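The values are calculated or read from the model by the stated rules, or taken from the named source; none is laboratory data. All of these numbers come straight from a predicted model, not from anything done at the bench. Glycine gets a Cβ as well: all are built from the backbone with ideal geometry, and neighbour counts include every protein chain shown. Remember, those area values only see protein heavy atoms, side chains included, never the ligands or the DNA or RNA. Shrake-Rupley method; radii C 1.70, N 1.55, O 1.52, S 1.80 Å.
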Amino acid sequence: MRSELRPHQVEGLAMLRAALKAGKKRPVLQMPTGAGKTILAAAIVEGVRAKGNTVVFTVPAVELIDQTVAAFGAEGIEQIGVIQADHVLTDYRKPVQVASVQTLARREQLPYASIVVVDEAHQRFAIIEKWMQERPDLIFIGLTATPWARGMAKTWDALITPVRMQALIDAGYLAPYRVFAPAEPDLSKVSIRAGDYAEDELSDVMSQPELVADVVATWLKLGENRPTLCFGVDRAHARKLQGEFEAAGIPSAYMDAYTERHDRDAIRRAFHDGGIKVVCNVGVLTTGVDWDVRCLILARPTRSEMLFVQIVGRALRTAAGKTDALILDHSSTTQNLGFPSDIHADQLDDGSPRRGAGQRVEKPTPLPKKCTACTYLKPAGVHVCPSCGFTPERQSKIESKAGELVQLRGKAKLATRPDKQKFWSGLLWYCEDRGYRQGWASNLYREKFGVWPRDLHDISAPPDATCRGHVTAHLIAYRKMKGKRYAA
């Protein structure tokens, strides 16, 4: 049963037809993550088949084969074959072939097709570009959310952008997002290789004890216990982060390129069932992932706008009960590149220097600034923080400690009296359960709300997730401080 196309998908099809009619043979159709690219791809394939033509649809990874076949089948597309070694659906007579680029690269002969549709075209697969050179008469249609790869204009001849990310957010097709930047590592001495930070040097910086503890403490304070993807620099870093989450009592998992398919499926099920709260990964959950992600942790800086937008896109899909996405950016990437919904280009990159006219990806000027009260990233020119209401001239300076999240004064303005009472009662429960003095509870209450717990009832009650997270973050910071004193 074919899905009803949304307005931006209808517009994308119309713009694609116009480009082909105008003689373009290599158009790239940009669709932001979560904009329904697969449904639009199915409509393209259906249009090709309606004219009696054959089509090859390429995917960037073997694990996306079955996902694509299932999605096309749900849209009523039949007669699908698969080009992948030993796949049960292998049948070269079928008019629609779904192929992995890895399999194509190993074949001596490329399949016959009237049109080739290339998913994630920004990855610039060598086999696809070779195919283009050998068959200049064949139409190739590229699909991607981030068509900004260097030199794409050398092989593709048009960029079609029917809608931008912010328009989809405004229309309710994508979730709005909030960005917090609680830590700013010093990356001045990290080398740049191939346009991005050198991973070996970056791993050393991002694995410092202060930052690792800060990642966990920040999630406990700001993550709202949401299902979360955490992006590390490399395997060692991501594993270390997972260990820190587990040590804090947060059920988590680890995933990389070598994680077996059945293990990935098990992690995905546990993530959606709530058995796993945080999945720490390196480089494998950036594309083709339709999980219900509500919080992202950026524990790796990047200079790549493509990688940044792809990562953030994982959290922007809408879902029942989801009001927004949280982005906890420990890397200052948002401050360096701008908000992901502001990053776009009007044409494909032709490989000339980035500062050439029309080639550089547009970014807002000036860049967003961090609220000094709650670390929310404010849009350029916004004086009063939209998240906590903080106005810089009227607020005293906030104390910050190395490796810890700065005090969240804005929470006191947003919290209701019942919220405060529930938090205070939870702290009193800890006092009774662990033998703490009430002064300990008073100080933690003041740390969160900026005021002492006056006019509240001294009644203890089991702590909720907010209270537990705040106390756990406090204990992590306390243990760190004691460890440093001991070492000194």
Relative contact order (%) - criterion: Cα under 8 Å, at least six apart; region: the range 18-102: 30 percent
Between their Cα atoms, which of K37/K240; K369/K448; K277/K370; K25/K378; K37/K154; K21/K94 are more than 31 Å away from each other? K37/K240; K25/K378
Applying a 10 Å radius around every beta-carbon, put 157-163, 273-279 in order of their mean neighbour count, most first. 157-163, 273-279
Compute the relative contact order of the chain as a whole-number percentage, counting only Cα pairs closer than 8 Å that sit 6 or more residues apart in sequence. 14 percent
Can you pull the percent of the chain's accessible area that's carbon plus sulfur, 1.4 Å probe, other chains left in place? 49 percent
The range 76-163 - Kirkwood radius from inverse mean 1/r over Cα pairs (Å): 14.2 Å
Are there GluC sites (Glu not before Pro) in the range 18-84 that DSSP puts in a loop and that have at most 10 other Cβ atoms within 10 Å, and which ones? E78
For G142, the residues 5 or more places away or on another chain with a placed amide H closer than 5 Å to its own amide H are V28, L29, V118
Compute the accessible area per residue over the chain, keeping the other protein chains in place, probe 1.4 Å, unit Å². 47 Å²
Calculated from DSSP H runs of 4 or more alone, at -39500 (n - 2.57) each and per residue, what is the 222 nm mean residue ellipticity of the chain, nearest 500? -11000 deg cm²/dmol
Please report, ordered by residue number, every helix of the chain (full DSSP H runs) that is 15 Å or longer along its axis going by C-alpha atoms and whose mean Kyte-Doolittle hydropathy reaches 0.5. 37-50, 209-222
Length gained when the stretch Q67-D324 is fully extended (0.36 nm per residue, less Cα-Cα span): 89.9 nm
